[in-house]
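The values are calculated or read from the model by the stated rules, or taken from the named source; none is laboratory data. Model, not experiment: these values are computed from the prediction. All Cβ positions, glycine included, derive from the backbone under ideal geometry; neighbour counts span all protein chains shown.
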Amino acid sequence: MTTVTPLEKLISPLGGQVIELQQLDYDAGGMSLLRTRIREKSRFTVFEIDPQTARLWGEALLRWAQTQPQTVPPTQEPE
């Protein structure tokens, strides 16, 4: 049995993709994993990563975002 805990739900304002982050905890123990689930219309992409990979990916995203001009895109609801 696996416990799935929702963490965050984001909507990309330009493409309308729905991005969900969930923590996976297995009853058998071991490390928790981060599930990233991206929905684009009827297509889903799902992958699970370990804490170290999540940290590296998050830092890379922040580095990129910090080099971009501050803009506020329009909000778009999912279809």
Quiz prompt | Candidates Leu14, Leu34, Leu24, Leu62 - the one that is out of contact with any Leu (no Cβ under 6 Å at 6 or more places or on another chain) and surrounded by 14 or more Cβ atoms within 10 Å (Cβ to Cβ) | solution = Leu34
Quiz prompt | Among the candidates Leu24, Leu7, Leu14, residue that is among the aliphatic types (A, V, I, L, M) and modelled with pLDDT under 95 | solution = Leu14
